[in-house]
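Student: Please see the structure below; I have some questions.
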Amino acid sequence: MADITTAEKSPAKLTKEVVRFEPRIIGFLCWWCSYAASDMAGTSRLKYPPNVSIIRVMCSSRVDPAFVMRAFAEGADGVLIAGCHLGECHYVSGNYKTAARISLLKKTLAQFGFEDDRIRLEWISAGEIRKFSKVITDMTEKVRNLGPLNWRENFEPK
Amino acid sequence: MEETSVKMLKLTIDGIETEAREGETILQVAERLMIDIPTLCHWKFVKPYGACRICTVEIEVHGKTRMVPSCSYKVRDGMVVKTRSEEVIKHRKMLLELMLARHSQVEVVRKLAHEYGVDTTRFEEMPSEQCINCGLCVRVCDEVVGANALTFVKRGTERYVSTPFEGEAESCIACGACAYVCPTGHITVQDIRDRKYVFSELALGPTTPIHIPFAAAIPGIPVIDSHTCIHMQTGGCGICSKVCEPDAIDYEMQDTFEEMEVGSIILATGYKTFDPKRAEQYGYGRLDNVITSLEFEHMSHASGPTGGAFVKADGSEPKSVAILHCIGSRDKNYNEYCSRVCCMYSLKIAHLIREKVPDADIYELYIDMRCPGSGYEEFYNRLLEEGVHFIRGKGVEVSQMPTLATTTPVASNSKLYVKCEDTLLGMPRELPVDMVILSVGLEPAADAEEVARVFKISSKADGFFMEKHPKLAPIDTLSDGIFIAGCAQGPKDIPDSVAQGAAAAAAAMSLIDAGEVALEPITSVVDEEVCTGCKTCLVVCPYGAISFDEEKHVSVINDALCKACGCCVAACPSGAITQRGFDDTQIEAELAALLM
Amino acid sequence: MLAVQEKYNWLPSEALDYVSRRLNVRKPRIYHIATFYKVFSLAPRGKHILQLCMGTACHVRGAKLIADAMARQHGLQFGKTTDDGLFTLERVNCLGACAIGPILVVDGEYKGNMTTNRANAIIKRLKREETGGEGGNA
Amino acid sequence: MPKIETAEQVKRFQEHCKSALDRFPIVVSLCNGTACCAMGAKELAAAFEKELAGDESVKFIKSGCHGFCEVGPLVVVRPLDVVYQRVKPDDVPEIVDRSLRHNEVIDRLLYRFGDGGKVFAKEGEIPFYSNQSKVVLALNSLIDPYSIDDYLAYGGYSALARALEMTPDAVLKEITDANLRGRGGGGFDAGRKWNSCRTAAGERRHIVCNADEGDPGAFMDESILEGNPHSVIEGMVIGAWAIGGDDGFIYIRNEYPRALKAFGNALKQAREYGFLGENILSSGLDFDIKVSRGGGAFVCGESSALFRSLEGEVGEPRAKYVHSVERGYRDEPTNLNNVETWANVPHIINRGAEWFRSTGTKDSPGTKVFSLVGKVENTGLIEVPMGITLREIIFDIGGGIKGGKNFKAVQTGGPSGGCLPASSLDLPVDFDVLTRAGSMMGSGGMIVMDEETCVVDVAKYFTDFLIEESCGKCLPCREGLMHMSGILHRITEGKGKPEDLRRLVKLGDAVAAASLCGLGVSAPNPVLSSIRYFEDEYLAHINEHRCPGSVCSALISYHIDPAMCTGCGTCEKVCPVDAIKPVPDEERKDGLLREIDADVCEKCSACKEVCPEEAIVVESPAVTTEHYRENVTEMR
């Protein structure tokens, strides 16, 4: 399963692309922090790429790894999970569970050949709107570089 | 001696007929009759020793007269005791004369001897020794304190009291009991262990183990501080139970756990101060005259260790004092936040010092003065008028020797040098002062983390409890019915704490008043049909809202406890748990819609 | 402690620490005991231990004269060790051989009917042995 | 060796041991007591062993102290029953050859009384022995203390067998009837003590033997422990049976290494034979004895201090208005008796209370061991019936004062006893009489003083001894004795004041009345009794600056008697300070060849010791050199 995205990665190809690849990223945001941050970032007129589609959950620990898989399956190029800082979870310890789950999930996906940058876990508190915008921008760029996931093409048994 | 039926014995003391319990000593009976028998080696809380023999009295049993020491001689039936017969007086005079020869300068001996008309001794006088070898200290340390740090050394005329190998006794707990019982003042605490009693050991606790927690405590009953109580430490002492007539002292009493069902809880667990030992550069714990602001408060209190006098470790009055702000606050190395109260209390300290030592040089070393609040700015202005030197610049180091080349050392070995950068003058400075007071910041109470865990509330990164919303719900927590107030939520001064406390109380009241609780709408539910009873959800729930129904072999979620984090939903391997409003299908639909 | 004393001839502080730990007896007590009983010595003792019986019988037969002579001529004092670490003179109260008093015990060997002259000779001999030939010539 | 389990077996085994012993026609018993050892018994033993090697007919015993220490080393040859004294290794071949092989008596080695006086061969004939009646010490010269078989051969442990067949009550009654009084000093009724220990409340009862014989000049206990340790063990086991004792202790002074060794060995043997341990002689009695070494503290002889010392504490006495019988070792009932008391017990059981009471006086029956020492011809260990007079002891047994000098006083009871003068010589010795006379029996030290002894000096000596030995706990003993000593020192230095005597008496009374333990209470005895009987001597010191005994160095001076001096110069050589010088020819008066410079003289007595002509005289009051010449001229 070697060169899933070789073509896309080649700089030559990139320059040839007339239309820039716009990755589709799903963001699971915790109600209390990250979502609040995104909210605030919006009201603060802070600029960040529009590539991330946000799904609000009560807590990052609500994010069932199955959702992440589902997102990729449905065609997402990257998934962002963001919650409160460790120790600051509104649900006492939810984000620790998230941390455990997502790192496991990352390992699982890596075995399928998923690049690490496609799934990202971040702690963003309500006030950290700049961090929020930075994370979104950064991730968008990284996933853009990785190119489309091309899930069906690359992973369906030949 | 522990006999169940106490036999009463009849005896006569100095012509007074009296009764006594079997096993009582003559001295005990005499004391009851207010008959004065002099003693030197006796103290009622240690076993009779019979060394000084001053308490010797004459007794007559069955027609035979004998001289016996009253402190250890047990009463017998029909005994006739004479405590001041000619024989006895002669005897005591002789003993006192013997004592005078060796202890001519000991006040207690001189006084007693004088009472018996003995002012000079016929015996060869020796250089006066303070210690009269009564052994009280040794016995108190052994029998009462149980530390057993003191002992007699050698025997006969060479006998003296000391610690093992004349060194520092490992088992000494510095309780000072020996010094307390010593009749001659030979033993002082400093003598035994070269301890700086007031300063480096300055305990912020009560001065005695038994105390009423604070003025106007309710109930106003004394308690025993188990950390300083000798009995709790060594199993010895127990003197309070012996003197307490109603027999109210109970060492066995344990902290009890009272279970109460309540509708709402206010957490006002306060704070602890920053431990300046963590910031070594200030020399706290290392240099004698570096104290914390709280220690200053303790000292300046009229019932404190110095009776309110403001003194240095050597007991002299400091003529210059530096007050260092922001110790442990607004410092990336320790705590980043502002502790909010330090500026104001530092001003108060300066004010108090000005009162106690009017001519003292007082320096306030601040980053910037934060005096918001009613009348605060005015107080600051007043201090400026009182001639306190304000230096804008944080104190960075306290040392005994000047470190800047520009500083000339002051000829006094007890001077401290405080280094700072005066940002108004734009130059480094070094202030020679007698004393340094560190204005320590506030930190979450030591057990804040534990409390947060127990109450299932969350904390901020700095460890203070987190409010539901910093502006809209500053006293609420995510758990309904649990409110926070005061410094538990973050550093604040008294007016703020009072306001928040009142608010929390009102919130709790309103909850109680409502009589019913509005539940979270987004709680999780278990589909009993699907649940396999694997109990995974029980472990993940941070609120303990999930219980297991053994009969049905399914998990059950308590709606009132569930705070709707959805953690269990994600964890449920069988998909039996769904979250109202956030069930899997809804989220998946959302996903699908987004990725269409 | 008697065993320690026999082994080292005196009681070093470290040994007492050990005894204190082993027997679980507080150190002050050990210290008092060590200073109370005469058999214990808290300072190193000399190479040769001289014990002079000062029992009554020996006293009336003139033990004190010997003690005085030792003090005067050799600087030996009861309970003290000489500066060269050679001799320790100890006072004992009756060795149970009063018939032949005064008795001087030299390194465990009883020497009866002691006189100042004989005691003098014994110490001189021991000193000579210690310093060896050169000492004798000097 | 299988354990002996019944009384019957004890008897059989005793006979077996006896016959084993009887196989030897000749027995040589060498006294191996401390004194004899110091006089060369060790070398003697080696010589005998070498000489007797391979000889099946001779049993050679290294026995305990025979008592007659003055003339040691002693050798007794049986059945010839002859005592050889001051034997040297060189004499051994002759003894073996003539006495053992040919039954001849060697006159040269016999004891003779006085210079060239009467010669005594047999043990029973020597006045030193003939006036004694040995009970406790009887076996000392007969048995090897390291052999339990020897003890058994002489009927040892039959008292134990007998006692264990009696009820404890019967044993107790026997002891009570015998009116055995504690030999340790106080003379407390042992039967009563045993009984109160038996009836005292407590979980465990302890049997303790006090062998901390601290009295200077007394070595009775040592000799018993060394010579016949099994008798003490037997007594203690009997005591344990009667009292119901659970365990035993013996507290031996560390200064008695030989006694420690002998007793330790005896304990081992007794255990092997089953006289100690579990179920002794099938009686159900479990009892063993532990040895505890003392640490050189006189005060540990006091019962409460001894118990503290046993417990591993500092030996300080306690206020004991509760009897130590009821609360002794570990505050449990404890019966404490001294060595001699315990050693008497088997004899009482064997021969009955009646027999015991037949010796001694009514109130103090039995015999008592004394160590007779000091300025007496025959020093040694003696055992005499109670009630014997001091005169009999000192002059008949002791052979009078050494060197034919005059008797001055006898000190009994150790440092806590008192000095008795010539007028008391006819007092019968028993507990109560001595106490009334201002002294005490004590453990049995008897120190005889002649005219060359200074009573004040002795009192000073004892007081200093007691200061040294005082635990320092109570004030009167600690401070009072110190001041008493101070006054005594002043008196002996010739700086006494007339009021000193009265002050001493007052101080002594106060110390006696107020002290905590027995040591303090009896501490002033030597001073008080000597003042009582020898006030004139004190006055001589104080008023005339004269020491009648010529002892107190500040009050004496050494001179050379011109009539005796031959001018040999020996004294000159020994004088450590070169105070003796020849007198120049022209100054010689009355033939004075040497003179002592009184200003230089340190009064060490070295010259006196060496003078072959006994020309060195001590004079008191002291005179200086200038005066001396005038004095001497006047005298001549």
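Student: Counting only residues that are within 14 Å of chain A (Cβ to nearest Cβ), out of contact with any Phe, Trp or Tyr (no Cβ under 8 Å at 6 or more places or on another chain), assigned to a loop (DSSP other than H, G, I, E, B) and among the β-branched types (V, I, T), how many does the range B:509-560 have?
Tutor: The number of residues fulfilling the criteria is 1.
Table: residues versus (1) modelled with pLDDT under 90; (2) assigned to a strand (DSSP E or B); (3) surrounded by 21 or more Cβ atoms within 10 Å (Cβ to Cβ); (4) over 33 Å from the mean Cα position of the chain (by Cα).
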residue: B:T407; (1), (2), (3), (4): yes, no, no, yes
residue: B:Y417; (1), (2), (3), (4): no, yes, yes, no
residue: B:L425; (1), (2), (3), (4): no, no, no, yes
residue: B:P428; (1), (2), (3), (4): no, yes, no, yes
residue: B:I437; (1), (2), (3), (4): no, yes, yes, no
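Student: Could you tell me which of the residues D:E43, D:E51, D:E56 is surrounded by fewer than 21 Cβ atoms within 10 Å (Cβ to Cβ) and part of a loop (DSSP other than H, G, I, E, B)?
Tutor: Checking each option against the conditions leaves just D:E56.
Student: I would also like to ask the following. Criterion first (open to solvent by 10 Å² or more (accessible area, probe 1.4 Å), of a type in the set (A, V, I, L, M, F, W, C) and outside the structural domain of D:L225 (by TED's automatic domain parsing)) does D:A409 satisfy it?
Tutor: Against the criterion (open to solvent by 10 Å² or more (accessible area, probe 1.4 Å), of a type in the set (A, V, I, L, M, F, W, C) and outside the structural domain of D:L225 (by TED's automatic domain parsing)), D:A409 does not qualify.
Student: Taking the residues in the range B:569-583 that are more than 7 Å from chain A (Cβ to nearest Cβ) and either within 20 Å of A:A73 (Cβ to Cβ) or hydrophobic (A, V, I, L, M, F, W, C) (or both) as candidates, determine which candidate is surrounded by the fewest Cβ atoms within 10 Å (Cβ to Cβ).
Tutor: To start, the set of residues in the range B:569-583 that are more than 7 Å from chain A (Cβ to nearest Cβ) comprises B:571-578, B:580-581, B:583.
Imposing the further condition that a residue be either within 20 Å of A:A73 (Cβ to Cβ) or hydrophobic (A, V, I, L, M, F, W, C) (or both) reduces the set to B:571-573, B:575-577, B:583.
Numbers: B:A571: 20, B:C572: 24, B:P573: 9, B:G575: 14, B:A576: 21, B:I577: 25, B:D583: 17.
The qualifying residue surrounded by the fewest Cβ atoms within 10 Å (Cβ to Cβ) is B:P573.
Student: Same structure again: Name, by its number, the condition in (1) free of Cβ contacts under 8 Å to residues at least 12 places away in the same chain; (2) open to solvent by less than 40 Å² (accessible area, probe 1.4 Å) that does not hold for B:E258.
Tutor: (2)
Student: For residues that are closer than 21 Å to D:Q132 by Cβ and touching a residue at least 24 places away in the same chain (Cβ under 8 Å), scanning just the range D:429-439, find the one that is farthest from the other protein chains (Cβ to nearest Cβ).
Tutor: Looking at the filtered set, the residue picked out is D:D430.
Student: Which one is nearest to the other protein chains (Cβ to nearest Cβ) among residues in the range B:584-596 that are touching an Asp or Glu at 6+ places or on another chain (Cβ under 7 Å) and over 14 Å from A:P65 (Cα atoms)?
Tutor: In this case the residue turns out to be B:L595.
Student: May I pose another question? Among the residues of the range D:533-571 satisfying the criterion of being out of contact with any helix residue (DSSP H, G or I) (no Cβ under 8 Å at 6 or more places or on another chain) and charged (D, E, K, R), which is farthest from D:E613 (Cα to Cα)?
Tutor: Looking at the filtered set, the residue picked out is D:D536.
Student: Same structure, new question: Among the residues of the range B:29-43, how many are touching a residue at least 24 places away in the same chain (Cβ under 8 Å) and either under 37 Å from the mean Cα position of the chain (by Cα) or assigned to a strand (DSSP E or B) (or both)?
Tutor: Summing the residues that are touching a residue at least 24 places away in the same chain (Cβ under 8 Å) and either under 37 Å from the mean Cα position of the chain (by Cα) or assigned to a strand (DSSP E or B) (or both) in the range B:29-43 gives 5.
Student: Which condition from (1) of a type in the set (K, R); (2) farther than 23 Å from D:L381 by Cβ; (3) touching an Asp or Glu at 6+ places or on another chain (Cβ under 8 Å); (4) not in a helix (DSSP H, G or I) is the one that D:R98 breaks?
Tutor: (4)
Student: When you check D:P576 against the structure, is it surrounded by 14 or more Cβ atoms within 10 Å (Cβ to Cβ), at pLDDT below 80 and under 30 Å from D:L488 (Cα atoms), yes or no?
Tutor: Yes; evaluated as a whole, the condition is true for this residue.
Student: Here's something else I'd like to know. Do the conditions hold for C:E129, that is, is it modelled with pLDDT of 75 or more and open to solvent by 50 Å² or more (accessible area, probe 1.4 Å)?
Tutor: Yes, satisfied.
Student: Scan the range C:36-49 and give yes if some residue there is modelled with pLDDT of 75 or more and farther than 21 Å from D:G294 by Cα, otherwise no.
Tutor: Yes, because at least one residue in the range C:36-49 is modelled with pLDDT of 75 or more and farther than 21 Å from D:G294 by Cα.
Student: What number of residues in the range D:591-606 are on the phi > 0 side of the Ramachandran plot and either touching a Ser or Thr at 6+ places or on another chain (Cβ under 8 Å) or at pLDDT 70 or above (or both)?
Tutor: 2
Student: Here's another thing I want to ask about it. Mind checking whether some residue in the range D:81-94 is over 30 Å from D:A218 (Cβ atoms), part of a loop (DSSP other than H, G, I, E, B) and open to solvent by less than 20 Å² (accessible area, probe 1.4 Å)?
Tutor: No; the residues of the range D:81-94 include none that is over 30 Å from D:A218 (Cβ atoms), part of a loop (DSSP other than H, G, I, E, B) and open to solvent by less than 20 Å² (accessible area, probe 1.4 Å).
Student: Follow-up question, since we're still on this one. Please list, ordered by first then second residue, the pairs with beta carbon atoms under 8 Å, 6 or more apart or interchain, first in the range B:3-27 and under 22 Å from B:R53 (Cβ atoms) and modelled with pLDDT of 85 or more, second open to solvent by 70 Å² or more (accessible area, probe 1.4 Å) and assigned to a loop (DSSP other than H, G, I, E, B).
Tutor: Sorted first by the residue in the range B:3-27, then by its partner, the pairs are B:L11/B:R76; B:L11/B:D77; B:D14/B:R84.
Student: Identify, from the list D:A53, D:A46, the residue that is among the small types (G, A, S), over 28 Å from C:G112 (Cα atoms) and out of contact with any helix residue (DSSP H, G or I) (no Cβ under 7 Å at 6 or more places or on another chain).
Tutor: Checking each option against the conditions leaves just D:A53.
Student: Would you pick out the residues in the range D:486-500 that are open to solvent by 10 Å² or more (accessible area, probe 1.4 Å) and either within 9 Å of chain B (Cβ to nearest Cβ) or within 11 Å of D:S515 (Cα to Cα) (or both)?
Tutor: D:G486, D:R490, D:E499
Student: When the residues of the range B:35-58 are narrowed to those that are modelled with pLDDT of 85 or more and farther than 28 Å from D:L519 by Cβ, which ends up least open to solvent (accessible area, probe 1.4 Å)?
Tutor: B:I35
Student: May I pose another question? From the list D:G248, D:G227, D:G277, which residue is under 13 Å from D:L336 (Cα atoms) and either in contact with a helix residue (DSSP H, G or I) (Cβ under 7 Å, 6 or more places away or on another chain) or crowded, with 24+ Cβ neighbours inside 10 Å (or both)?
Tutor: Numbers: D:G227 fails: under 13 Å from D:L336 (Cα atoms); D:G277 fails: under 13 Å from D:L336 (Cα atoms).
Of the residues listed, the single one that is under 13 Å from D:L336 (Cα atoms) and either in contact with a helix residue (DSSP H, G or I) (Cβ under 7 Å, 6 or more places away or on another chain) or crowded, with 24+ Cβ neighbours inside 10 Å (or both) is D:G248.
Student: May I pose another question? Among the residues of the range D:460-481 satisfying the criterion of being more than 12 Å from B:R159 (Cα to Cα) and in contact with a Phe, Trp or Tyr (Cβ under 9 Å, 6 or more places away or on another chain), which is nearest to the other protein chains (Cβ to nearest Cβ)?
Tutor: Looking at the filtered set, the residue picked out is D:F465.
Student: I'd like to verify a number: residues in the range D:257-279 that are among the polar types (S, T, N, Q) and within 25 Å of D:E213 (Cα to Cα), how many?
Tutor: As a first pass, look at the range D:257-279 and keep what is among the polar types (S, T, N, Q): D:265, D:269, D:279.
Checking the rest, the ones that are also within 25 Å of D:E213 (Cα to Cα) come to D:265, D:269.
Total meeting the criteria: 2.
Student: Specify the residue that is modelled with the lowest pLDDT; the eligible residues are those in the range D:152-183 that are surrounded by 24 or more Cβ atoms within 10 Å (Cβ to Cβ) and part of a loop (DSSP other than H, G, I, E, B).
Tutor: Restricting to residues being surrounded by 24 or more Cβ atoms within 10 Å (Cβ to Cβ) and part of a loop (DSSP other than H, G, I, E, B), the top hit is D:R183.
The values are calculated or read from the model by the stated rules, or taken from the named source; none is laboratory data. This structure is a prediction, so every number in the text was calculated from the model and none was measured. Because the Cβ atoms are built from the backbone with ideal geometry, glycine has one as well, and the counts that use them run over all protein chains shown. Note: accessible area is taken over every heavy atom of the protein model, side chains too, but ligands, DNA and RNA are not part of it. Shrake-Rupley method; radii C 1.70, N 1.55, O 1.52, S 1.80 Å.
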